[in-house]
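Below is one structure, written out as structure tokens; the observations come after it.
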Amino acid sequence: MKESLLYKIIRPLINIYVKLIIRPKYIGLDNIPKKEKIILAGTHTSMNDSILLISSTKRPVHFLAKKELWKFPQGLFFSHLGLIPVDRKNKDTKCLSIATDYLNDNKLILIFPEGTIEKEHGKLLPFKIGALKLANDTNTKIVPFAIKGKYYKKGLTIRFGKPIKISNDLDKEKERLINIIEDLRK
């Protein structure tokens, strides 16, 4: 699976915007493998989180996003950027199938386990199990991350943790992932 021409054109623009306007501090970038399949999973604090994560690595970032964003014309745009539409109201096996294909091709997938933006900054919402299930089913490690601070203000930080292997006990792993992300927020 090759990245589209549109992705190749837009990505440098995203990188410039993030570096000049948002100016985040990245910690733990060396925890993101350079070539192997990986899932990034962490906090969701703003609509800008996706572009922040796209600019954090040289690897193409494919991420799950709510299907409501796929209205015309932006739906065409999003599909060319490697976004994967998710039906958050129903069990969505199609999005997991697409994400599995990306991972089987050693791609990087971004998932926000909270499923929506945190309304109260600093308070995690309940995690959905999709990232853990996908990691377990595809034998993929998860790199947890936490975004701390406010956009467009000094001090916005994204901290990446060490890759973790997921066991079959998804409820236990969900609690472990929550605890790791809480620690990354400190």
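Laboratory data are not the source of any read-out in this text; all were calculated from the coordinates shown. Every value quoted in this text rests on a predicted model; they were computed, and no experiment measured them. Cβ sites come from the backbone with ideal geometry, for glycine too, and all protein chains shown count toward neighbours.
The aspartates and glutamates whose alpha-carbon is closer than 13 Å to the alpha-carbon of Lys133, local same-chain residues fewer than 8 away aside, are Asp92, Asp169, Asp171, Glu173.
In this rough spin-label picture, where each label sits 7 Å from Cα along the Cβ direction, the Asp171-Phe77 distance is 4.3 nm. Checking the table Lys19/Lys67; Lys35/Lys148; Lys91/Lys128; Lys71/Lys107; Lys66/Lys94 against a 19 Å threshold on Cα-Cα, which pairs fail? Beyond 19 Å: Lys19/Lys67; Lys35/Lys148; Lys71/Lys107. For the chain, the relative contact order is 30 percent, taking Cα pairs closer than 8 Å that sit 6 or more residues apart in sequence and dividing their mean separation by the residue count.
Estimated from helical segments only, the mean residue ellipticity of the chain at 222 nm is -10000 deg cm²/dmol, where each DSSP H run of four or more residues counts as -39500 (n - 2.57). Using the Cβ-Cβ distance between Glu118 and Leu5 with R0 = 22 Å, the FRET efficiency computed as 1/(1 + (r/R0)^6) comes to roughly 0.05.
Of all beta bridges that DSSP places with both ends in the range 5-184, some 25 percent have antiparallel geometry.
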